[in-house]
Structure formats: structure tokens, C-alpha cells
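The values are calculated or read from the model by the stated rules, or taken from the named source; none is laboratory data. This is a predicted model, so every value here is computed, not measured. No Cβ is skipped: glycine too gets one built from the backbone with ideal geometry, and neighbour counts run over all protein chains shown. Just so you know, the surface numbers come from the protein's heavy atoms only, side chains and all, with ligands and any DNA or RNA stripped out. Shrake-Rupley method; radii C 1.70, N 1.55, O 1.52, S 1.80 Å.
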Amino acid sequence: MIRITKIFTFETAHVLYNYDGKCKNMHGHSYKLFVTVKGKPIDDLNNPKNGMVVDFGDIKKIVKEEVVEVWDHAVLINALSPHKKLGEDLERKGHKVIYCNYQPTCENMLYDIAEKIKKHLPQHVQLAYLKMHETENSYGEWFAEEN
């Protein structure tokens, strides 16, 4: 079994409803997302992907379409909270808003990202690990064997 990792960056803001710290205010982060998949390298001379678990370009396409292009320069808002009205007001003013059915913390975003990626991976490839830096010194991790 081999693991390969591709790294992505994107800029996203979020609002944490009912949070009791300074981050209760809308704010943004330069997220750095590490996506690790695992599988056995293809062993078929006639396959253009011979020797690869999966083409890095295929991982890039999935993550860019499902996460980066959707969330980049957007505001994530918990649609189950009163902040939904804030999101609607921001949209009316031309801002890009993503409504989540969860509190948009780094931890919950990782669960969402895992689901978005898993449904697009080839059958012989498994999502193994995610790490997402919210700041240079703070990050969350998702491990397949624990989920």
C-alpha cells in the first residue's frame, strides 16, 4: 500500500455562531489542506497511469472542483443558526456565501471535505488522511481508520 499527498491552499472566511472567544466575529483564514490517498500502484504496461496509485492531476481536479473553487473567497455560515440571516444579507450585497448544516469550524469542515472527496475517488483508491491548517500553528486532522 502506498500513500500519496497533494497540498492545496484557499482563502475562506467563516462565522462561528454563539462562540465565546474573539473568533466570534466574522474572520478569514489562509487554509492549507493536505489530502492523502492510498492504494496499490497500477501494474499494467498498457495503462497510461502504470506505476501510479492515482494521477496527482486527478486528485487536483477532484479537490479543486469540490472544495477549493467552491470555498475560495467565500464565507461559510451555519445555516441552522440565526447567522443564516447574515448570510442572506451578505448575498444581497454581492458576497459569496456557503451555507453549511454545521458550525463551520476546522474540525467540521474536515468531515465535509472527506465526504466530498471520497465520493469521487476511483474504486481502487481510498482517502487515508486529511490535515488542514487554519493558521500556521493550528490545524485539524482526519484519519480514515478513525472514521
Original post:
Could you say which residue among 121, 130 is open to solvent by less than 90 Å² (accessible area, probe 1.4 Å), assigned to a loop (DSSP other than H, G, I, E, B) and touching a Leu at 6+ places or on another chain (Cβ under 8 Å)?
Top reply: 121
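Please specify each residue of the stretch 109-140 satisfying the condition of being under 21 Å from residue 65 (Cβ atoms), hydroxyl-bearing (Ser, Thr, Tyr) and without any contact (Cβ under 8 Å) to a residue 60 or more places away in the chain.
Residue satisfying the conditions is 111 alone.
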Original post:
Restricting the search to the stretch 133-147, which residues are charged (D, E, K, R) and either surrounded by fewer than 16 Cβ atoms within 10 Å (Cβ to Cβ) or under 12 Å from residue 36 (Cβ atoms) (or both)?
Top reply: 136, 141, 145, 146
